[in-house]
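Here's the structure, in structure tokens; my notes come after.
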Amino acid sequence: MRRLPPWFWLVLALIFGTTATFMALGWLRGQSRKQAANVALKPVVVAAKDIGPAVALSKEQLVVRRWPRESCPRGSFSKVEEVAGRVTAYPFGAGEPILEVKLAPPGMPPGLTALVAPEKRAMTVKVDEASGVAGFLAPGNRVDVVATVDRGAFKDDPIAKVILQNLRVLGTGQKIERRPGEKPQVVPTVTLEVTPEEGERLALAMREGRISLVLRGQQDQQLVYTGGVRTASLLQGAYPLMANGEQDQKKTPTGPPPQQVEVIKGLQRESVSLPHPRPLPEPMNLSRR
């Protein structure tokens, strides 16, 4: 019997391998179609494009997609007519389901009032480029408010302290200020969501001193209580300046260094700092005239 050449077996193996691959792919497609047919789908209204906050939804901004019923988000809508005309309280990304919790109450007009949560207020504060986090603030960010006061009891020793924490930024903008004898100036502003009590503290801080906004991380919700810092404690340990403007490191405002005493306990040695001794009173002059 004549032996077949090696290339024949190679071609035969390729034919069988290709046939088996197509058969496996066909079987997998059939199984996926069966599983898809068994999964119940539900219509869900999603955003057709990016939508900002405080915007009245229109039919052109919405589209209906088929969504698995088991993983359907709670509070979603199945018809565009149920959502058209509602005002967004938070931004939506393209393809994101429209949820009830991210919409303003029915009948709310578009604008800033749709963004304010119940029992909260919207308060606009004036900032500059530095105190306003150099323009990096955006609606939805969280900030702390630091007040710096150098008037009244703090005139000789100014103080800076965190007075409000974890405030939501509702919006940023600009306004034109007109002062007598000066040209109109464009002033950056930031609108914050506050409670009535927080609004009172913020208004007083703006009147008595200067406020700065500190940007928080989106996941940072922790409240930190501080005692504030004053100029005297801020500059503690600094060297005074000489007449030529250089620092005099020979003179330190912290006083003489503490006395060190070495204590030996068995084989261990330990250095102990002793407080400065108080000056002795002057001797009384008992000499008689």
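FYI, it's all coordinate maths here, none of it is from the lab. Source: prediction; values computed, not measured. Here Cβ is always computed from backbone atoms with ideal geometry, including for glycine, and neighbour counts include all displayed protein chains.
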Worksheet, complete the sentence: So, with points 7 Å from each Cα along the Cβ direction, the V214-K265 label distance in nm works out to 4.0 nm
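How would Y90, Y225 line up from fewest to most surrounding beta-carbon atoms within 10 angstrom? The partial results should precede the final answer.
Details: Y90 16, Y225 6.
Ranked by crowding around the Cβ, least crowded first: Y225, Y90.
Between D128 and R66, what is 0.36 nm times their sequence separation minus the Cα-Cα distance? Round to one decimal in nm.
Working: separation 62, 0.36 × 62 = 22.32 nm, distance 4.79 nm.
So the extension gain works out to 17.5 nm.
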Worksheet item: So how far apart, in nm, are the two label points at R74 and K155 if each is 7 Å from Cα heading toward Cβ?
Response: 5.9 nm
Worksheet item: Taking the simple approach of a point 7 Å from Cα along Cα-to-Cβ for both A203 and R29, what is their distance in nm?
Response: 7.1 nm
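Mind sorting L234, L25, L103, L170 by how few other Cβ atoms lie within 10 Å of their own Cβ, fewest first?
Values: L234 13, L25 10, L103 20, L170 23.
Ascending Cβ contact count within 10 Å gives the list L25, L234, L103, L170.
Taking square-rooted eigenvalues a ≥ b ≥ c of the alpha carbon gyration tensor, is region 194-234 rounded, prolate or oblate, where a/c under 1.5 means rounded and, failing that, a/b exceeding b/c means prolate?
oblate
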Practice prompt. Beyond 23 Å between alpha-carbons counts as too far, so tell me which of K49/K79; K126/K161; K120/K155; K102/K126; K102/K161 fall in that bin.
Written response: K120/K155; K102/K126; K102/K161
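Most exposed first by the Cβ proxy, i.e. fewest other Cβ within 10 Å, how do S76, S71 rank? Before the final figure, lay out each step's value.
Values: S76 18, S71 8.
Going from least to most buried by this count: S71, S76.
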Discussion item. Under 5 Å between amide hydrogens, which residues at least 5 positions from L192 or on another chain qualify, with H placed 1.01 Å from N in the peptide plane?
Written reply: M123, T124, V125, L170
